[in-house]
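Visitor: One structure coming up, written as structure tokens, with questions to follow.
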Amino acid sequence: MAWRATKLAGIPPARPELGDTLILAIWTTQRVRTVLGLTEANVAGARLRIKPEKTAKRTGRKVDMPMKGPLPARLEAARARKAARGLVHPYLIAHPTERGPYVQKTHGKHFRAARALAARFAPSLLGEGKDPWGDAITPFTFEDCRDTGITRLFRAGASAEQVAAWSGHKDVNALRALADSYISLDAEIADQGGDLLDAYTERKGLII
């Protein structure tokens, strides 16, 4: 028992609400303030209708997106946890221990604690180590969840206009220019290009 207590020292309690925010950020491509501010009023059937926090103040841009992947089940589980605790506030993501919504300051503290724990097994999360080209790895931030979601959309073949409809970017041309920062020239992209080349040469009967 002493060994087990020592082994578990420093491990924070499970916080599925933190996991909810990570999933929401990736699958909606929204920033932390927008994710934490989502309420039941943003849910319309199987869709999310939101005003991204940063862009709404500047442009009034609105986002109307389908709930894809794990979002429906994740939100249903979040509602069930709220009901089990007797919480009645409208926010989709509840504070893990208090009766109100998950506020950004507390969320940031929990995110950093979880990142530090995960870094015991993956030091790169804290920016330790080098990438395959010998360049320094940058620490993982919550904003990277939004970048991951946007990258997935681009890699799935979505146009800049389609990505902007999810992310809330007003300037599509600027988003198109930013695509290089979202889609790095990495092995996955090279592999996809190789598959396209193989299919093309086979279809055309070209000699390789």
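The values are calculated or read from the model by the stated rules, or taken from the named source; none is laboratory data. Bear in mind the structure is a predicted one, so any value in this text is a computation, not a measurement. Note that each Cβ is placed from the backbone with ideal geometry, even for glycine, and that neighbours are counted across all protein chains shown. Accessible surface areas use protein heavy atoms only, side chains included; no ligands, DNA or RNA. Shrake-Rupley method; radii C 1.70, N 1.55, O 1.52, S 1.80 Å.
Visitor: Taking the mean number of other Cβ atoms within 10 Å as a proxy for protection, how do you rank 137-147, 64-74, 188-198 from highest to lowest?
Guide: 137-147, 64-74, 188-198
Visitor: Give the calculated FRET efficiency between residue 136 and residue 112 to the nearest 0.05, with a Förster radius of 22 Å applied to their Cβ-Cβ distance.
Guide: Efficiency computed from Cβ-Cβ geometry: 0.65.
Visitor: Roughly what would the spin-label model give for residue 84 and residue 197, points 7 Å off Cα along C-beta, in nm?
Guide: Between residue 84 and residue 197, the simple spin-label model gives 5.2 nm.
Visitor: At 1.4 Å probe size, with the rest of the protein present, what percent of the exposed accessible area of the chain is carbon and sulfur atoms?
Guide: Summing carbon and sulfur atoms, their accessible area is 58 percent of the total for the chain.
Visitor: With point charges of +1 on the Cβ of Lys and Arg and -1 on the Cβ of Asp and Glu, referenced to the Cα centre of the chain, which listed residue (196, 123, 92) lies farthest in the positive direction of the dipole?
Guide: Value: 92.
Visitor: Then there's this: Sequence gap at least 6, Cα distance under 8 Å: using those rules, report the relative contact order of segment 118-208 to the nearest whole percent.
Guide: For segment 118-208, the relative contact order is 15 percent.
Visitor: While we're on this one: How would you classify segment 112-208 from its alpha-carbon gyration tensor, with a ≥ b ≥ c the square roots of the eigenvalues: rounded for a/c under 1.5, else prolate if a/b is greater than b/c, otherwise oblate?
Guide: The shape class here is oblate.
Visitor: What span do the alpha-carbon atoms of segment 24-103 cover on each of the three principal axes, reported in whole Å from largest to smallest?
Guide: Cα extents, longest axis first: 38, 25, 20 Å.
Visitor: Treating only the Cβ atoms of Lys and Arg (+1) and Asp and Glu (-1) as charged, compute the dipole magnitude of segment 57-208 about its Cα centre; round to the nearest 20 debye.
Guide: Once rounded to the nearest 20, the dipole reads 1220 debye.
Visitor: Helix-only mean residue ellipticity at 222 nm, the chain, DSSP H runs n ≥ 4 weighted -39,500 (n - 2.57), per residue, nearest 500. What is it?
Guide: -16000 deg cm²/dmol, from helical runs alone.
Visitor: For segment 129-208, what is the accessible area per residue in Å² when the probe is 1.4 Å?
Guide: 67 Å²
Visitor: Would you mind calculating the relative contact order of the chain from Cα pairs under 8 angstrom and at least 6 residues apart, reporting the percent as a whole number?
Guide: After rounding, I find 22 percent.
Visitor: Please list, ordered by chain and number, the residues whose modelled amide H lies under 5 Å from the amide H of residue 127; skip anything fewer than 5 residues away on the same chain.
Guide: Sorted by chain and number, the residues that satisfy this are 140.
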